[in-house]
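Read through the structure below, which is laid out as structure tokens, and then see the notes.
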Amino acid sequence: MRVLMTGGGTAGHINPALAIASTVKKNIPDAQIEFVGTARGLENTLVTKEGYKLHHVNIMGISRSLSPSNIKAAFLMISSQIEAKKIIKEFKPDIVIGTGGYVCWPALKVASKMGIPTIAHESNARPGLAIKQLQGSLDKILVNFKDTEKYIKAKEKVFHVGNPLRGGFGGLDYKSAREKLGIPGGKSYVLAFGGSLGAQRINETVFAYMKHLDKQGGDVICHLATGKNYYEDFSAQFKAAGLDKNEDLCMMEYIHDMHVRMSAADIIICRAGAMTISELAMMKKACVIIPSPNVVDNHQYKNAKVLSDAGAAVMLEESSLNDESFAKAVDSLISSPEKRKAIEANVAQFARPDANKLIYNEIIKLTSK
């Protein structure tokens, strides 16, 4: 089987594509898989690191407001199709699979015109512009959230499969993870992160919470991953406040063993990216979600709202976030095991442990016709 994956810009679009690629390779070891992205996106790091060939098309997103940049974007929508057609003719894929972001548009559009089977996977609660525009041309639209179907007109093409996850998440139990990290029994473990690059407001708020913990003492362990962009500044503040002397507090740049730390955590503080939410659901974790206001179409808020409305997360909006409201939200979860268990049970309802299998089955159905 020859599979062309496309999607990029952010890890939220790339990681599902890598998970799907990994699933195909697991089931069909000799499958040939290549990717289409842009020269600017994070796919140039993540995809090439996994050893896949990455092709480039030149395309940019369309601004929601009137902007001169939309003239260039419109031109690139045409020229990128020419680039995508050349890639497809050379690679000769049996199927083209897109995982969102404007970069997936040209390859999926051209493939559908050429009669090649196409699938799009939408991780977020609301479908992005590319998938909305392409829905009439696609063969199948796979969704992470059941409610996403409401926003897609071509409902006969929609299949609820969940989010594809890479290995590790859900594979380690709570007790074993804590033993691996050396976390003693009787202590609550709070894990906070804002993505690989980091989130300033999360860093500021959790740092203030760490100072609060240091003063009051107690049985709470708190670890914060600041992200690459903020580590130097916040680690300096961490040391200046003397928090590095408190063994229950830790500040790091990046979490390399995320599945272990998430397994061990009692409470997780994070953004509301679709992949993160899927990981929380798979691992049944109580969480305080602070959606990023700096994403296209405010999709993180929409993701978080779905969970919040279902009692599956505590949502705090960044615009009204302060040290007191944050500490109150976290402390209320620490002091109430019953509240944590209720959130854990509710967020588990969003998990699809068989997501990878379901997606693979849809690929096989389409390519076997």
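Some observations on this one:
- Residue 350 being crowded, with 19+ Cβ neighbours inside 10 Å, out of contact with any strand residue (DSSP E or B) (no Cβ under 7 Å at 6 or more places or on another chain) and within 18 Å of residue 192 (Cα to Cα): no
- In the stretch 275-286, the residues that are assigned to a helix (DSSP H, G or I) reach residues that are of a type in the set (Val, Ile, Thr) with C-beta atoms within less than 6 angstrom, at least six apart or across chains, in these pairs: 280/347; 281/347.
- Identity of the residue in the stretch 20-60, in a helix (DSSP H, G or I), aliphatic (A, V, I, L, M) and within 18 Å of residue 196 (Cα to Cα), that ends up modelled with the lowest pLDDT: 46
- Test: residue in the stretch 299-321 that is over 24 Å from residue 149 (Cα atoms), in contact with a strand residue (DSSP E or B) (Cβ under 8 Å, 6 or more places away or on another chain) and outside any helix (DSSP H, G or I): yes
- Among the residues of the stretch 259-271, those that are more than 18 Å from residue 164 (Cβ to Cβ), touching a strand residue (DSSP E or B) at 6+ places or on another chain (Cβ under 7 Å) and not basic (Lys, Arg) comprise 264, 265, 266, 267, 268, 269, 270.
- Per-region count, the stretch 162-174, residues surrounded by 22 or more Cβ atoms within 10 Å (Cβ to Cβ) and either of a type in the set (A, V, I, L, M) or at pLDDT below 90 (or both): 1
- Matching entry among 130, 208, 192 (being in a helix (DSSP H, G or I), over 21 Å from residue 302 (Cβ atoms) and aliphatic (A, V, I, L, M)): 208
- Among the numbered conditions (1) under 25 Å from residue 308 (Cα atoms); (2) at pLDDT 95 or above, the only one that residue 128 does not meet is (2).
The values are calculated or read from the model by the stated rules, or taken from the named source; none is laboratory data. Just so we're clear, the structure is a prediction, and the values are computed from it rather than from any experiment. Neighbour counts are summed over all protein chains in view; Cβ atoms, including those assigned to glycine, are modelled from backbone coordinates with ideal geometry.
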